[in-house]
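The values are calculated or read from the model by the stated rules, or taken from the named source; none is laboratory data. This structure is a prediction, so every number in the text was calculated from the model and none was measured. Cβ coordinates were reconstructed from backbone atoms using ideal geometry, including for glycine residues, and neighbour counts include every protein chain displayed.
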Amino acid sequence: MFVNVSNVPFSDWQETQLNDAKLYGRLYEFRMQETDPEASTSAIVEQAKSLADRIAKIVWENDESKNAVMVLGEPSFSFALIRELQIRRLIVVCPTYRIELYDDDELIETFVRFRNYAISETLEEDE
């Protein structure tokens with residue numbers, strides 16, 4: 001199962017990115033939550049814990065052999081969510097892109113692959 005936690009729905013993804021996500025099996029989306037810029041750090045962490053619990057429940061109930069959660073959003077909330085998902089022993093990934101800027105200031109992003117968010121205690125090669 002591949003879980004997309006971002007504000008970019010699968011319908012807007014590049015074909016190569018969507019195909020790579022499908023390698024994990026079933027696709028599931030959570031829209032990235034609004035993060036109150038006035039919220040305290042503890043409030044952000046509690047919001048992240050709640051969402052991590054919901055995501056973990058869905059992944060565990062799905063019971064596929066290969067799972068990943070892609071997190072892409074507001075930095076402090078994303079960091080808290082990634083940490084909470086890793087505590088729950090889920091693989092968390094981010095997309096990588098090749099970015100090219102052309103003379104007419106056109107910016108082209110081309111999806112390359114998903115990369116694991118690693119923590120030093122569990123660093124594994126993800127090739």
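Summary table
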| read-out | value |
| --- | --- |
| Which listed residue, of ASP105, ASP53, is more than 12 Å from VAL3 (Cα to Cα) and at pLDDT below 95 | ASP105 |
| Matching residues in segment 9-31 - criterion: being of a type in the set (A, V, I, L, M, F, W, C), touching a helix residue (DSSP H, G or I) at 6+ places or on another chain (Cβ under 8 Å) and not in a helix (DSSP H, G or I) | TRP13, LEU27, PHE30 |
| Segment 35-46 residues that are more than 20 Å from ASN7 (Cα to Cα), paired with ones that are in a loop (DSSP other than H, G, I, E, B) (beta carbon under 9 Å, 6 or more apart) | ALA43/ASP36 |
| Filtered residues of segment 32-45 (kept if touching a helix residue (DSSP H, G or I) at 6+ places or on another chain (Cβ under 9 Å), surrounded by fewer than 15 Cβ atoms within 10 Å (Cβ to Cβ) and assigned to a helix (DSSP H, G or I)) | THR41 |
| ARG31 vs. criteria within 20 Å of ILE82 (Cα to Cα) and either among the charged types (D, E, K, R) or out of contact with any strand residue (DSSP E or B) (no Cβ under 7 Å at 6 or more places or on another chain) (or both) | yes |
| Flag for PHE79 being surrounded by 11 or more Cβ atoms within 10 Å (Cβ to Cβ), modelled with pLDDT under 95 and under 12 Å from the mean Cα position of the chain (by Cα) | no |
| Residue match in segment 59-70 (condition: farther than 21 Å from VAL112 by Cα, hydroxyl-bearing (Ser, Thr, Tyr), surrounded by fewer than 15 Cβ atoms within 10 Å (Cβ to Cβ) and modelled with pLDDT under 95) | yes |
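Yes/no matrix, rows are residues, columns are (1) of a type outside the set (Val, Ile, Thr); (2) out of contact with any Lys or Arg (no Cβ under 9 Å at 6 or more places or on another chain); (3) not in a loop (DSSP other than H, G, I, E, B):
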residue	(1), (2), (3)
ALA48	yes, no, yes
ARG89	yes, yes, no
VAL93	no, no, yes
ASP103	yes, yes, no
GLU109	yes, no, yes
